[in-house]
1. Can you put His90, His22, His130, His172 in order of accessible area, largest first, using a 1.4 Å probe?
2. Report the accessible area of Val33, computed with a 1.4 Å probe over the heavy atoms of all protein chains in place, in Å² rounded to the nearest 10.
3. As an exercise, use a Förster radius of 41 Å and the Cβ-Cβ distance of Lys93 and Lys181 to find the FRET efficiency, rounded to the nearest 0.05.
4. Under a Cβ-Cβ limit of 4.7 Å, which cysteines in the chain have nobody to pair with?
5. Less than 15 Å apart at the alpha-carbon level, and either on another chain or at least 8 residues along: which aspartates and glutamates does that give for Lys16?
6. Can you give the FRET efficiency to the nearest 0.05 for Met105 and Asp171, using r as the Cβ-Cβ distance and R₀ = 45 Å?
7. Pairs of Cα atoms under 8 Å, at least six residues apart: use those to get the relative contact order of region 57-161, whole percent.
8. Distance between the C-alpha centers of region 23-53 and region 150-186? Whole Å please.
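The values are calculated or read from the model by the stated rules, or taken from the named source; none is laboratory data. Note that the structure is predicted; figures quoted are calculated from it, not measured. Glycine gets a Cβ as well: all are built from the backbone with ideal geometry, and neighbour counts include every protein chain shown. Heads up: the accessible areas ignore ligands, DNA and RNA and are worked out on the full protein's heavy atoms, side chains in. Shrake-Rupley method; radii C 1.70, N 1.55, O 1.52, S 1.80 Å.
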Amino acid sequence: MNQDIEREIKKRAEDKCELCGHAEPENLLLFEVPKTPEYIEGADNGLQVCTTCESQFDSEERDINHWRCLNDSMWSTAAPVQVMAWRMLHRLKKEGWPQDLLDMMYMEEQRLEWAAAEGDAEDKSNALVHRDANGVILQAGDNVVLIKDLKVKGSSMVAKQGTAVRRISLDHENDTYIEGKVDGIQIVIITEYVKKT
């Protein structure tokens, strides 16, 4: 961040944390918002925050009461302040009250896309994780190798150990099943019998 941009952010922040209002200069720092789109430049991609706020952005241990400050800062006209307020409300929404604030918050579409760029709005609580025999996470499109001969149900075919299965798809209801083609036939395979390549 160049000095002109730093001065602009400090002037906008009025020597306070732009999220919680903390005003001890020795505890304030400039923070560049992660995953900022390339077209956003200068003071519009950074904000001044206190060390308490900054230390809790990515931490699992957060002082929930500290973040009640978002009730005020979410109304800031500064884009980076709004974006970080939105992200923190999403990270805290299991507490209940942050969801109420999110329901009231308005953001224009481009700004909302920026805020969501870190994935805070994605519901990860019910996401299934498919793992191979070694515990490696499998994703749709991965290639795997069979580690055991498998009899294919409903046919006389046996998928041999060492057979490569390319571009697998995942079963979205069961984390132990994947699908892929073996000898041109689409089959369901149990994840404990494959190894990611």
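1. Working: His90 30, His22 60, His130 5, His172 160 Å².
My answer, sorted largest first, is His172, His22, His90, His130.
2. Ignoring ligands and nucleic acids, Val33 comes out at about 10 Å².
3. Numbers: r = 41 Å, r/R0 = 1.00.
With a Förster radius of 41 Å, E is 0.50.
4. Cys53
5. List returned: Glu6, Glu8, Glu24, Glu26, Glu54, Asp72.
6. Working: r = 36 Å, r/R0 = 0.80.
The value I calculate is 0.80.
7. Values: 68 pairs, mean separation 15.6, N = 105.
Relative contact order of region 57-161: 15 percent.
8. 49 Å
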